[in-house]
Amino acid sequence: MAAGVETIPDEAIATRIEGIFDEIDGLETVSVSVRSGVVTLTGLVAENRLMTQAEKIAARVSGVVAVTNRLSEETSVGERLTPVYERLHDRTLQAVSYLPLIAVALIFWALVALFGAFLARRGWPFTRLAPNAFIADLLRQLVRIVFIVVGGVLALDVLGATALLGTLLGAAGIVGLAVGFAVRDTVENYIASILLSVRQPFRPQDYVKIETFEGFVISLTSRATILMDIDGNHNRIPNATVFKSAITNYTVNPQRRFTFEVGVGANSNLDRALAVGLDTVEAQPFVLEDPPADAWIDNLGNSNVVLVFVGWVDQRRTNLLKARSEAMRLVKRALEANGFSLPEPIYRLRFDSDIPSGVREALPAPEAPAPETTPPETSLAKDTAVDEEFQRRVARERDATGAGDLLDERAPTEFGGRQ
């Protein structure tokens, strides 16, 4: 032994370690023996971690040279359950003692949440900040959620359990990520509905074209845009598709142009044909003077010349399809009345010259076609007014949408403040 180094007796080391073990739950039954500074631990413990803990404690005691760990884990069911019962008893007593504090925290949380709900029910300032009622409702929901979360944080602070907040936020983030992937399409449609309600690219009962769908706008819900086509069918288009698609709104500008083609003979006086057709289009009461009607030559065919005639109508008073139909009928009648022929397809037939003359003479002569009897056409335009019954049906469908519609007729549209 080196000079100046005090040797601690084995009995003192054993007494020191046993005293420490007596103060630690689960190590009271551990036996300690020391010989020449080498500590030997024997006995049974309830858990494996206690074996490691006992060895570390013994190794830190002054005078210990080495530790021999001969502890074993208790396998008796009764002995293993005893610590569990003790812990449950302690936790129960602790929970009972915390009941008044938990009640105070819950009351505090409820008061903060109720105050948030009270603010959310106010009309101002949400109607002032939001461009439409749908966004105002979203702001109210956001206020409710914020106050609920703030109340929960304050309640945890009252309980002294703010450390639990990080765990809850981490778990909520993982759950939110998983849910986000699962309902990605739903979230995309919901966000698109918010943006569409802000932009207002169309109004209720506007006639629009979205991709291949065309019809009157019935409603805009939180998931889809509902159109009713001219056949009375309802088309439900996801809002994400609507937001990303090119939208043609035919109602924004009430003036709309119709176009049709007419073929005349190749030998016709084209200037005269254009003038006759254009005068006929301009003379119709449903055709607007401004913008003016127009006509031009579109194509030179093998046996005819294609003329194009255009005119403008007011969609609020005139049905575009009816107007185009009447203009085509009247232009055709006017051209024929002025001596212009509307040529039919021409087929050239070749007869073989080596057929004997006797055979040709024996063939029966073709019968003359019976004269066609067609009723005279009227020179007056038929009814081209808008189908009011269909408009009333669209209005009824619109009125039946209820409170789920996000379109606001008072909000400004993407095309300006159209009334």
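For this structure, a couple of remarks:
- Of the strands (runs of 3 or more DSSP E) that lie entirely inside segment 192-260, those containing 1 or more residues that are over 30 Å from Ala327 (Cβ atoms) and of a type in the set (A, V, I, L, M, F, W, C) span 213-220, 224-228, 234-238.
- Within segment 207-234, considering residues that are within 16 Å of Asp399 (Cα to Cα) and touching a Phe, Trp or Tyr at 6+ places or on another chain (Cβ under 7 Å), the one surrounded by the fewest Cβ atoms within 10 Å (Cβ to Cβ): Met228
- The condition (being of a type outside the set (Val, Ile, Thr), at pLDDT below 90, in contact with a helix residue (DSSP H, G or I) (Cβ under 7 Å, 6 or more places away or on another chain) and assigned by TED's automatic domain parsing to the domain that holds Leu71) is satisfied by just one residue among Glu28, Glu47, Glu23, Glu18: Glu28.
- Residue selected from segment 317-326 under the condition aliphatic (A, V, I, L, M) and in contact with a strand residue (DSSP E or B) (Cβ under 6 Å, 6 or more places away or on another chain), by the criterion surrounded by the most Cβ atoms within 10 Å (Cβ to Cβ): Ala323
- In the set (1) among the hydroxyl-bearing types (Ser, Thr, Tyr); (2) surrounded by 14 or more Cβ atoms within 10 Å (Cβ to Cβ); (3) more than 25 Å from the chain's Cα centre (by Cα), Thr241 fails one condition alone, (3).
- Near pairs, Cβ below 9 angstrom, 6+ apart or cross-chain, from segment 16-39 (more than 14 Å from Gly63 (Cα to Cα)) to any residue that is part of a loop (DSSP other than H, G, I, E, B) and charged (D, E, K, R): Phe21/Glu28; Asp22/Glu28; Gly26/Glu47
- Residue count for segment 251-268, restricted to those that are surrounded by fewer than 13 Cβ atoms within 10 Å (Cβ to Cβ) and under 30 Å from Pro343 (Cα atoms): 3
- Of all the residues in segment 105-129, those that are out of contact with any Leu (no Cβ under 9 Å at 6 or more places or on another chain) and either among the aromatic types (Phe, Trp, Tyr) or in contact (Cβ under 8 Å) with a residue 12 or more places away in the chain (or both) number 11.
- Only a single criterion out of (1) in contact with an Asp or Glu (Cβ under 7 Å, 6 or more places away or on another chain); (2) closer than 14 Å to Asp185 by Cβ is not satisfied by Ser222, namely (1).
- When each of Asn338, Asn299 is tested for being free of Cβ contacts under 8 Å to residues at least 24 places away in the same chain, of a type in the set (S, T, N, Q) and surrounded by fewer than 19 Cβ atoms within 10 Å (Cβ to Cβ), the lone residue that passes is Asn299.
- Some residue of segment 93-100 being surrounded by 11 or more Cβ atoms within 10 Å (Cβ to Cβ) and either assigned by TED's automatic domain parsing to the domain that holds Ile17 or modelled with pLDDT under 80 (or both): yes
The values are calculated or read from the model by the stated rules, or taken from the named source; none is laboratory data. Predicted model only: the values in this text are computed from it and were never measured. Reconstructed Cβ throughout: ideal geometry from the backbone, glycine too, with neighbour counts over all protein chains shown.
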